[in-house]
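Structure first, then comments.
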Amino acid sequence: MTINKSIISLLLAGLFLAGCSTLGHRPGNQGPVDIQLPSRELSEQELLDVWIEVFEPGQIDPERDKTVGTNLEIRKAESRFVPVQLKKTLQRTGHWGAVRVVPDGTVGGELIVSGEILASDGEILELWVVARDSTGQEWLDKTYLGVVDSEEYDLGSWGKYDAFQSTYNKIANDLAKARQKLSPQQLTSVRQVAELQFAADLSPDPFKNYVQTTEEGRYSARRLPARDDPMMQRVRAIRERDYLFIDTVNDHYDTYYRDMWEPYGNWRRFNQEEIENLRQVEKEAMTRKILGIGAVVGAIALGMAGSSDVRANTDSLRQVMVLGGMMVARSGFEKDSEKQIHIDAMQELGVSFESEATPMVVEVDDQTHRLTGSVETQYAQWRDLLQKIHQSETGFSDVTIR
């Protein structure tokens, strides 16, 4: 019996359409990763301060991200959550001095960590992380992929253990390995250049020639100011005020992080469970569609490929195959409707998250100030507020802290 080529094409097309999945296969979980602690307590001279910039939210794929229940607003919230979680991870390692979260472009850091969220849906977290010290030396330029099961969310502990903690631990371990490669002289150079960069940004005229730049984008100290240089003493005093400024901003980020922990954790847990359910629904729907389409195409093939006697003798069978196949295929498409219910539920929770993650009110010198807009906008308002206080207390009205 020879089956017409058009029937084969029809069968293959039906199987292809039935087998299409919006979620794809689940990546493998690589297992837990622990933080690597130093073998001894490091001296203050061995510790560098770390500034973690607010991450870039990355590109949103409207079609896929609608399927997994995320959007740009949620991604922006994550771009602030991830740096704080990384900060708390680095603080527990014992490898670093002060670790702070700062807005993009803040000048004067010894080690600057920046990043971008490539993917995040509650089941996976993919980050691109870059780290450079003040001399322009690249420590890290790497993509990290974390995959979790629903059980990981049961282990979550505010400020300590995140469901994707292994991903943060990997980043922390890689940064620690890079730091261990630097000699004491190189660590000193990193601190000196960072201080001079802050001074040049604060007061360009007297300090712009203290740092030299190579064609490769590396920085080094051309010369150092005298210890008792009055201009440098003033810069150092302002820099200490700037540290307090950034610490206050970090309190703001920490408050945002704390307020975000529960709704964000619930959203991710729910999303992860929904993705598992969606994948199971798609698998069941795919199976039913394949069986249904296969039965219908098989009935057509039986009718077209056989003789008139065969067609007459199998007429009832072919009708049963067509009707049965249509019913099985229909049940597969009804599964698609069930999938949409899950998607709608994720979208509703996403809207709820956006409203719950809004920051609030701060107090300065017993005065209450309401900060509105995005976190970055509130940061600018906060910086402007602290700058006015700084100017009123010191009289440095000609100085702008950046």
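The values are calculated or read from the model by the stated rules, or taken from the named source; none is laboratory data. Keep in mind it's a predicted model, so treat the numbers as computed, not measured. Cβ placement follows ideal geometry from the backbone for every residue including glycine, while neighbour counts extend to all protein chains displayed.
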In segment 212-238, the residues that are touching a helix residue (DSSP H, G or I) at 6+ places or on another chain (Cβ under 8 Å) and closer than 21 Å to Arg132 by Cα: Tyr219, Ser220, Ala221
Conditions (1) of a type in the set (Asp, Glu); (2) under 21 Å from Met260 (Cβ atoms); (3) buried (at least 21 other Cβ atoms within 10 Å of the Cβ); number of the one not met by Asp104: (3)
Looking only at segment 224-271, and only at residues there that are of a type in the set (Gly, Ala, Ser) and farther than 20 Å from Lys160 by Cα, the one that is surrounded by the most Cβ atoms within 10 Å (Cβ to Cβ): Ala237
Conditions (1) touching a helix residue (DSSP H, G or I) at 6+ places or on another chain (Cβ under 6 Å); (2) under 14 Å from Lys170 (Cα atoms); number of the one not met by Arg92: (1)
From the options Val101, Val107, residue that is hydrophobic (A, V, I, L, M, F, W, C), more than 13 Å from the chain's Cα centre (by Cα), outside any strand (DSSP E or B) and closer than 17 Å to Asp242 by Cβ: Val107
Residue that is closer than 27 Å to Leu42 by Cβ, at pLDDT 90 or above, surrounded by fewer than 16 Cβ atoms within 10 Å (Cβ to Cβ) and not polar (S, T, N, Q), where the choices are Glu138, Glu110: Glu138
Flag if Trp158 is more than 30 Å from Arg234 (Cβ to Cβ), surrounded by fewer than 21 Cβ atoms within 10 Å (Cβ to Cβ) and modelled with pLDDT under 90: yes
Segment 124-178, residues that are among the hydroxyl-bearing types (Ser, Thr, Tyr), in contact with a strand residue (DSSP E or B) (Cβ under 6 Å, 6 or more places away or on another chain) and closer than 22 Å to Gly108 by Cα: Thr135
Cβ-Cβ under 6 Å pairs, at least 6 apart or on other chains, segment 122-142 side more than 17 Å from Val102 (Cβ to Cβ), far side basic (Lys, Arg) and in a strand (DSSP E or B): Glu138/Arg132
